[in-house]
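Structure, as structure tokens:
Just so you know, all these numbers are worked out from the coordinates, no wet-lab data involved. Just so it is clear, the structure is predicted and the values come from calculations on it, not from any experiment. Note that each Cβ is placed from the backbone with ideal geometry, even for glycine, and that neighbours are counted across all protein chains shown.
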Amino acid sequence: SAAEKGGHEYFMLKEIEEQPDALANTLRGHFVGGRIVLDEQRLSDQDLRDVDKVFVVACGSAYHSGLVAKYAIEHWTRLPVEVELASEFRYRDPVLDRDTLVVAVSQSGETADTLEAVRHARAQKARVLAVCNTNGAQIPRESDAVLYTHAGPEIGVASTKAFLAQIAANYLVGLALAQARGTKYPDEVAREFHELEAMPKAVQQVLGTVEQVRALGRELADSKAVLFLGRHVGYPVALEGALKLKELAYMHAEGFAAGELKHGPIALIEEGLPVVVVMPSPKGRAVLHSKLVSNISEIQARGARTIVIAEEGDETVRPFADHLIEVPAVSTLLQPLVSTVPLQVLAAEIARSRGYDVDKPRNLAKSVTVE
Ligand code: G6P
């Protein structure tokens with residue numbers, strides 16, 4: 001009923017709007033006495049200190065949350081982080097031992113490939129930490145440590161609030177490792193945590209763009225394909241934006257690393273093709289920003305219809321943006337938490353305009369428990 005959907009036509013929009021709460025609830029209780037704490041912790045501080053390599057294994061959007069987290073975890077801990085699709089990891093012969101930490105990210109905690117990846121890792125003596133949204137699910141039950149996301153039940157098959165909560169939880173894992181290894185001073189860990197704590201407010205502000213983005217979605221409903229470009233943490237955001245559009249609107253959509261533009265994707269650009277560009281902050285690394293600006297100008301010159309997600313007040317992108325969606329200024333590593341939101345809304349609204357069931361896309365299941 002409309003009441004269950006919080007007055008919305010579909011659950012997904014309600015769940016998109018619940019993202020500030022999902023983030024706040026996921027962070028709550030994890031910074032106690034100046035230290036990051038996990039939920040179930042069957043690993044000692046020494047175990048965490050001994051970690052010399054991290055794998056993140058997951059499927060779907062959860063995999064994208066791992067791709068985002070790689071940037072933060074490597075930066076904060078100086079540990080190598082590999083992010084891998086659970087279905088690939090389990091059939092390879094990954095190099096694992098007791099000093100390897102495998103982070104298994106799963107909303108449901110029941111995804112077959114992720115569960116088998118966990119079993120494979122444990123059989124090789126690796127330590128396993130689960131990031132999960134479902135209390136007592138199989139993956140957390142079989143793991144050495146657990147960090148629960150508190151996004152609440154997610155009804156929409158395409159993940160939204162669970163995805164944002166997974167990014168936050170993965171970041172807590174990174175901070176816990178940095179704290180154990182001493183690669184960050186306690187005051188730096190505290191500062192990063194407090195920056196995370198400010199994110200629900202920033203996401204709330206992005207929700208102010210929902211109607212603008214829905215209108216854009218209606219305009220784009222007849223497109224044949226949409227491309228998504230990003231760099232650095234904006235790259236996995238581009239992948240997630242494309243996945244949402246495929247899942248919901250049954251439209252050809254692809255995410256690219258902006259630096260790969262000249263290695264293929266630019267050949268796809270034709271008159272009127274919508275290209276979504278996820279801009280980094282102009283106040284972050286100048287080189288990242290200026291490279292993206294030149295990428296947009298190139299695709300616009302070739303006739304693409306540019307849809308630019310940029311930090312508010314970023315005047316340099318204006319001349320190249322056919323549609324500009326502004327997000328609040330946050331530090332570079334936290335940008336995915338704000339820049340993903342308009343992409344979720346865009347995909348949902350394009351799907352709705354095309355007459356599809358946003359909450360139950362064809363052929364997809366909320367949780368893939370068969371292989
Ligand atoms: C399915 C869902 C996705 C989800 C993926 C992984 O494909 O439709 O939204 O990201 O499974 O699910 P998990 O429960 O392991 O996070």
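Helix 210-220 versus the longest principal axis of the chain: what is the Cα-based angle in degrees, 0 to 90, to the nearest 10?
The helix 210-220 is inclined about 60 degrees to the chain.
For Lys244, which lysines qualify as cross-link partners when the Cα separation must be under 22 Å and same-chain residues fewer than eight apart are set aside?
Lys5, Lys14, Lys70, Lys161, Lys224, Lys360, Lys366
Hey, got a sec? Which GluC sites (Glu not before Pro) in region 300-367 land in a DSSP loop and have at most 13 other Cβ atoms within 10 Å?
Glu312
Can you give me the C-alpha center-to-center distance between region 243-307 and region 1-76, rounded to a whole angstrom?
If you average the Cα positions of each part, the centres end up 27 Å apart.
Pull out the extension gain between Glu74 and Leu207, defined as 0.36 nm times the separation in residues minus the alpha carbon to alpha carbon distance; nm, one decimal.
Extra length available between Glu74 and Leu207 comes to 44.9 nm.
Kirkwood Rh, region 282-371, all Cα pairs: how many Å?
One decimal place: 15.5 Å for the Kirkwood radius.
When DSSP assigns beta bridges and you keep just the ones with both residues in the chain, what percent turn out antiparallel, to the nearest 5?
Among the beta bridges of the chain, antiparallel pairing accounts for roughly 10 percent.
In nm, to one decimal, how far is the Gln124 label point from the Asp187 one, both placed 7 Å along Cα→Cβ?
Distance between label points: 4.1 nm.
Given R₀ = 35 Å, what would the calculated FRET efficiency be for Asp97 paired with Ser367, taking r from the Cβ atoms and rounding to 0.05?
0.70
What's the angle, to the nearest 10 degrees (0 to 90), between helix 186-197's Cα axis and the longest principal axis of the chain?
40
Quick one: Cα centre-to-centre distance for region 138-209 and region 87-126, in angstrom?
With region 138-209 and region 87-126 each reduced to a Cα centre, they are spaced 20 Å.
What distance in nm separates the two pseudo spin-label positions at Glu298 and Arg318, each 7 Å out from Cα along the beta-carbon direction?
Distance between the two pseudo-spin positions: 2.6 nm.
Spin-label point model (7 Å from Cα, Cβ direction): what's the His194 to Ser353 distance in nm?
4.3
Report Rg(Cα)/(2.2 N^0.38 Å) for the chain, keeping two decimals.
It is 0.95.
Taking the chain as the reference, fit the longest principal axis to its C-alpha atoms, fit the long axis of helix 60-77 to the helix C-alpha atoms, and give the angle between the two in degrees, 0 to 90, nearest 10.
With rounding to tens, the tilt is 70 degrees.
What is the spread of the Cα atoms of region 5-128 along each of their three principal axes, largest first, in whole Å?
Projected onto the principal axes, the Cα atoms of region 5-128 cover 50, 40, 25 Å.
PRE reach from Glu142 (point 7 Å along Cα→Cβ): which of region 80-97 fall under 12 Å by backbone N?
Backbone N within reach: 90.
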